[in-house]
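Peer 1: Take a look at this one; I'll ask things after.
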Amino acid sequence: MENYSYIEIYKDKNILVVQKNHGVHVIPDRNNSVTPLIDILRGDYGNVFVTHRLDAGTGGLMIFALNKYAHRHISMQFEKSAVIKYYLAVTKNKISDQTLMLPIAKSNHGKYSINFKSGKKAVTSFHTLSSNNKGALILANPKTGRTHQIRVHLKALKAPLYQDFLYNEKTDDKRLTLQCYFMKFLNPENDKAVSFKSNITNFMLNYINLLELSEKSVYQYNYETE
């Protein structure tokens, strides 16, 4: 397992952008059994505020605020689904390019499911970057921010994440083949759009290579189209 908790991508007086490793909790877990990323960042940078969440098993980009003004500014963008996000997902099966609108509700045992009666609106666009008969490398662009949204929508398409202990085969390894690769949002400093890409994590690369998928396809996509 890669031994870093995070890698700094960008920092100014208002925001801190980092790449979180797979398996790292952002906030304390129920049992307080691990040191969460927010505690590590506060030890390194002082005042740091959480503006959004990322599942512990998911790697990739996260935006943190360094003051209360930036915290409100960035948090509001996430609440209004104004932050553009692209995730890399290694899945078991291929899917066609599509935008999926299926409502999601809490189920049981920490899981979520499609529920047309009590579910909240959830919209995700999917684009296949690379695929073969072993699996696929898919780009997921969530338009809403429901818990487990990408994971549940891929499960509904019969193409669950290649490694997902909740929505695919059970495993003791709680890391997910899912990474937040690209983000675009307004910098609180001047309200101008800024965008960042992460590095493809070694964990994701291992599966991309194992399934003989194209790493190059990740770099060829134009993420600035929206």
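Peer 1: Conditions: (1) at pLDDT below 95; (2) among the hydroxyl-bearing types (Ser, Thr, Tyr); (3) part of a strand (DSSP E or B). Tyr86 meets all but one. Number of the miss?
Peer 2: (1)
Peer 1: Tell me, please, whether a residue that is in contact (Cβ under 8 Å) with a residue 24 or more places away in the chain, of a type in the set (Val, Ile, Thr) and either within 30 Å of Asn132 (Cα to Cα) or in a loop (DSSP other than H, G, I, E, B) (or both) can be found in region 16-24.
Peer 2: Within region 16-24, one or more residues are in contact (Cβ under 8 Å) with a residue 24 or more places away in the chain, of a type in the set (Val, Ile, Thr) and either within 30 Å of Asn132 (Cα to Cα) or in a loop (DSSP other than H, G, I, E, B) (or both).
Peer 1: Now for a separate question. Restricting to region 55-109, name every residue that is among the β-branched types (Val, Ile, Thr), crowded, with 17+ Cβ neighbours inside 10 Å and touching a Ser or Thr at 6+ places or on another chain (Cβ under 6 Å).
Peer 2: Those that are among the β-branched types (Val, Ile, Thr), crowded, with 17+ Cβ neighbours inside 10 Å and touching a Ser or Thr at 6+ places or on another chain (Cβ under 6 Å): Ile63, Ile74, Val90.
Peer 1: Select the strands (runs of 3 or more DSSP E) contained entirely in region 109-167, then report the ones holding at least 3 residues which are touching a residue at least 60 places away in the same chain (Cβ under 8 Å), more than 15 Å from the chain's Cα centre (by Cα) and within 23 Å of Asn222 (Cα to Cα).
Peer 2: Numbers: elements: 112-114, 123-131, 136-142.
Once the strands (runs of 3 or more DSSP E) in region 109-167 are filtered for at least 3 residues that are touching a residue at least 60 places away in the same chain (Cβ under 8 Å), more than 15 Å from the chain's Cα centre (by Cα) and within 23 Å of Asn222 (Cα to Cα), what remains is 123-131.
Peer 1: Please enumerate the residues belonging to region 207-219 that are farther than 23 Å from Val152 by Cα and outside any loop (DSSP other than H, G, I, E, B). Even if it seems obvious, please write down each step before you answer.
Peer 2: The first filter runs over region 207-219 and keeps only residues farther than 23 Å from Val152 by Cα, leaving 209-210, 212, 214-217, 219.
Residues satisfying the conditions are Asn209, Leu210, Lys216, Ser217, Tyr219.
Peer 1: For residues that are buried (at least 22 other Cβ atoms within 10 Å of the Cβ), among the polar types (S, T, N, Q) and part of a loop (DSSP other than H, G, I, E, B), tally how many sit in region 175-197.
Peer 2: The qualifying residues number 1.
The values are calculated or read from the model by the stated rules, or taken from the named source; none is laboratory data. Small disclaimer: the values here were computed from a predicted structure and weren't measured. No Cβ is skipped: glycine too gets one built from the backbone with ideal geometry, and neighbour counts run over all protein chains shown.
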